Amino acid sequence: MKTFALPLVLGICLLAPEASAADIRLKVKNSTLGSKREGDTRKSQRQLEIEIDNRDRDDYEGVTLEWVVIARDIRNRKLSIISRGSKLIDIPAEEEMEVTSSPYSFSKKEGEVREIRENRFRPDRPQFDVEPDSGTRYAGYIIVLRKDDDILAEAATTGMKKRVAPLLSREKKK
């Protein structure tokens, strides 16, 4: 009986979460504030709406909410940081709250297709010159809640932390 109970008790103790671990959940929405079109260029203004659900019995004061918004270039598919910021907030115990990031914008220029009359291989069929779209698109986000140097909660678009790590380390060196 003792040989069975000892591993069971040890397993329960090891698998139990720490008492100091925060139970905070983040839900992020990329909301559009508006867009305007000027000729063949379209600019879209957006911001992140972050819902913070504190299921913990403790309230947290002086928490830093940090966000990074990532964009992808339409032509070469490279990632870049389009917006970065932080806010100091207080999170009440056992409540939900909503915080928004600062606005950021994307611009996209639509390409065009031009017909070229001279097709030396097939003079009976026209040839076309295509200029592809250019600009940036929304790719993802990284959200981190910090209290002093401890991370209380974090959320990110799938795979973004790993892909954007070189960009973040370059910015910290500057």
- What dipole magnitude, in Debye to the nearest 20, does the stretch 15-173 give about its Cα centre under +1 on Lys/Arg Cβ and -1 on Asp/Glu Cβ? 1440 debye
- Message: From zero outward in steps of 5 Å, how is the percent of C-alpha pairs of the stretch 28-174 spread across the bins?
- Response: 2, 8, 14, 16, 15, 12, 9, 6, 5, 4, 3, 2, 2, 1, 1, 0
- Express in whole angstrom the spacing between the alpha-carbon centres of the stretch 131-150 and the stretch 39-115. 6 Å
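Beyond 30 Å between alpha-carbons counts as too far, so tell me which of K109/K147; K78/K147; K108/K162; K108/K147; K27/K162 fall in that bin. Numbers along the way, then the final one.
Values: K109/K147 41 Å; K78/K147 32 Å; K108/K162 26 Å; K108/K147 38 Å; K27/K162 20 Å.
Table pairs above 30 Å Cα-Cα are K109/K147; K78/K147; K108/K147.
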- Take the Cα gyration tensor of the stretch 109-165, multiply each eigenvalue by 5, square-root it, and list the three semi-axes largest first, rounded to whole angstrom. 52, 10, 7
- Query: Taking the Cβ of I50 as the center, what net charge do the other residues with Cβ under 12 Å away carry, scoring Lys and Arg +1 and Asp and Glu -1?
  - Reply: -3
- Figure the gain on full extension for K36 and E115 (residue separation times 0.36 nm, minus the Cα-Cα span) and round it to one decimal in nm. 25.6 nm
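What is the gain in length, in nm to one decimal, between D58 and A155 on full extension, counting 0.36 nm per residue of separation less the C-alpha to C-alpha distance? Mind showing how you got there, number by number?
Values: separation 97, 0.36 × 97 = 34.92 nm, distance 2.05 nm.
Answer, rounded to one decimal: 32.9 nm.
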- Query: What are the residues whose amide H is under 5 Å from the amide H of D59, where those residues sit 5 or more places off or on another chain and H is modelled from the backbone?
  - Reply: A93
- By counting other Cβ atoms within 10 Å of each Cβ, how are F106, F128 ranked from fewest to most? F128, F106
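Bear in mind that the values in this text are calculations on the coordinates, not laboratory data. For clarity, every value in this text was computed on a predicted model and none was experimentally measured. A quick note on method: Cβ atoms are made from the backbone with ideal geometry, for glycine too, and the neighbour counts reach across all protein chains shown.
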